Every structure is written in structure tokens, then in C-alpha cells.
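The values are calculated or read from the model by the stated rules, or taken from the named source; none is laboratory data. Just so you know, these numbers come straight off a predicted model, no measurement behind them. Every residue, glycine among them, receives a Cβ derived from its backbone with ideal geometry; neighbour counts consider all protein chains shown.
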Amino acid sequence: FELDRREPIYYSGETVNGRAILTTTSEKSVNEVYILFEGEAKVRWDERRTRTRGGKTEHYTEYFRGKQQYLYTRTSVFGSGNLPPGTHTYNFCIPLPLECPSSVVAQYGKIFYEVSVVIDRQWRFNNVFKQPLTVIQTYNLNMSPQLLMPLVREDIKHFCCWPCSSGPVLSTLTIPFGGYAPGQKIRFTLEIDNQSSGYDLDGIEVKLKQIYKFQAQTPHHKTREKEHSLNKSCQQERVLRLLKKKIEGTLAIPAVPPSSRSEGIISVSYQVILTISTGDCHVDSDLEVPIVIGTIPLIQSAENPASAAQWIPETPDTPAGAAADASQL
């Protein structure tokens, strides 16, 4: 396969241009030669179960599966007959819909795209030659003005360790925007009002969490999630009893796929999690703030607005000019 770029990475909304070069050393009788382009998601995992039959306990495995197709095109390039020996070149031009989700390979499923040349042989197994592609769903955050609104979460925690009780701890977490892109930093402000008369707070931890959601369709509908901690900021600043403190920090966003824009059998979302360490006698206090990750940041959030469109997921295989392509979608 020869594609229009060195690395097979595309953004949704782009067109995959290329050609398949097929070389045969002898004449082959074929039903058809066609180019197949597929994009789909597959979910699978197994779970061990126990049941009782005839008074006996037995163990068995339940297999959960799911499948969702995003793209399927089939183009015939040679009809029924004898394919002569030599080199045959077949051009293809395949548009990627904007709604195509990003490629992913995870523990319980994958979203993948591939272009194939299939030689449908008479009375023989088909010859199939495949070229995998990586697709990143374009997500221009500037098209979602609600993301300009700051995110504010408040929490009130009461300490009560018998036989003593104490005043509450009030915490407010503020994030200036609702969406960011890889390469940016999430700036946060935490205001703590420790009204407790008997407890000091030991410190805070703020982390960026990625959540993959997998939905199986058979033998019945079931959902499974997988979480990853991407980055965290720890500050061992104590907040003494009956005092207030304002804490500021940042969280860097690594190269990750954008938030899912529609519900499918595989989706990804992100949260900022605040944990306040409250000591040995109490469960730590958590605040969860959903946040959107895109491929093009809000102009207002970019440190250099003139180059806002340059923020794209960076991978070792990111093609040159990809940011410019994405900014024109």
C-alpha cells in the first residue's frame, strides 16, 4: 500500500488517498478483486460464574461480546476473469466521516480501521492484504461555547469521631475552562475553609483520570469500566484547624485521545479528581469534576492564541501538517 502520507494517521473528516500495488507472478483465475475499507469497534471479556444444578455446585465462564460498525465501503477494481501476471495498481479515495471515533486498543475492546485488498479466488481461500490506519476524531473545542464557562465544585465534609464532633471543612475547586487539549495545562484553584476545631488537614492531591467504558451486547447488556490515572499534582500543604487556605496548581495533559462525542460500545471520558487528606481517623474527601479533552483548544485558553490550532495529540507517529489539516475542518 502507498498512502498520501508517511505515517497512516488521519483525522475524522479527512480523505484517505492511496493506492494498492498488487504483484502476481502467474495468471490467476479470480471471481473479483476489491478494496475493502472497514472501521468498527469490538468488545470482549470473560467472567467466571457459579451455579447449582442437581444439588451440585459448578463453575462456568460467561463470554461478553459486542460489535459496532462505523464504516464499510467495498469497491470492485477487477471483475471475474483471469488476472494476468505483473504489477497491478489500484487507486482509492475514501472519505472519513466526522463522527468516526478515535482508534483505541484497550483491555476489554478496540476501535480499529483498516483498508484491504481482497482477491476472491475460485475454489480457493481468498487472498487478503491489509493496511491498518489510525484515526483521531477531530474535536474543535471552540465549537462548544459552553466550555468557556468555569467549572466550580463545592464540598462540605463533617468530622464526627465519637465521642467528639467538630465543625465542617468547606472546599471549593475552580477550573477556568471546561475543555482543554493535549499539551495544555489545567490550572486549578482550591479554597479550603477548615472550620473544624479538632482536625488539621494533611494535604491535597489533584489528578487527571481517564475512564474507558465498554458495553457488551451479548449474552445480555453489561457495562464495564477501566480507569487510568494520567497525571497528578500533590501538595503537602497543611490546613490547620480554624484556618483558611488558597492553593493553586497545574495539571499537564498528556497525549490522549479526545473525549467521545457520542455514545458507542466503547467511549472515553475524563475527570479531574481532588482528594483532601483528612488524617488516619477519617476517609479522605474526594471531588470529581468531569472535563472535556479535545484536539483543538479554546482560543481563550491557549497561552499563545495565534497558534491555538497547533495543539493536537502528539505521538511519535504524528504526521507533519496534521494540525493545519485539523484546523481547516
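Residue 236 fails exactly one of the following numbered conditions: (1) surrounded by 18 or more Cβ atoms within 10 Å (Cβ to Cβ); (2) at pLDDT below 90. What is the number of that condition?
Unmet condition: (1).
Looking for something in contact with a Leu (Cβ under 8 Å, 6 or more places away or on another chain) and polar (S, T, N, Q) - is there at least one such residue anywhere in the range 2-16?
Checked against the condition, which is being in contact with a Leu (Cβ under 8 Å, 6 or more places away or on another chain) and polar (S, T, N, Q), the range 2-16 yields at least one hit.
Output the residue which, of all residues in the range 162-217 that are aromatic (Phe, Trp, Tyr) and in a strand (DSSP E or B), is surrounded by the most Cβ atoms within 10 Å (Cβ to Cβ).
180
Sort out for me the strands (runs of 3 or more DSSP E) sitting completely within the range 60-159 that have 1 or more residues that are of a type in the set (Phe, Trp, Tyr) and either without any contact (Cβ under 8 Å) to a residue 24 or more places away in the chain or at negative phi (or both).
The qualifying strands (runs of 3 or more DSSP E) are 86-95, 109-121, 127-136.
Mind checking whether some residue in the range 47-56 is closer than 30 Å to residue 138 by Cβ and surrounded by fewer than 18 Cβ atoms within 10 Å (Cβ to Cβ)?
no
Go through (1) part of a loop (DSSP other than H, G, I, E, B); (2) over 17 Å from residue 111 (Cα atoms); (3) of a type outside the set (A, V, I, L, M) and name the single condition residue 258 misses.
Exception for residue 258: condition (2).
Report, by residue number, each residue of the range 214-240 that is of a type outside the set (Ser, Thr, Tyr) and either within 17 Å of residue 288 (Cα to Cα) or in contact with a helix residue (DSSP H, G or I) (Cβ under 9 Å, 6 or more places away or on another chain) (or both).
Within the range 214-240, 225, 226, 227, 228, 230, 231, 232, 234 meet the criteria.
Looking at the range 209-224, can you tell me whether even one residue there is touching a strand residue (DSSP E or B) at 6+ places or on another chain (Cβ under 8 Å) and more than 30 Å from residue 42 (Cβ to Cβ)?
Checking the range 209-224: not a single residue is touching a strand residue (DSSP E or B) at 6+ places or on another chain (Cβ under 8 Å) and more than 30 Å from residue 42 (Cβ to Cβ).
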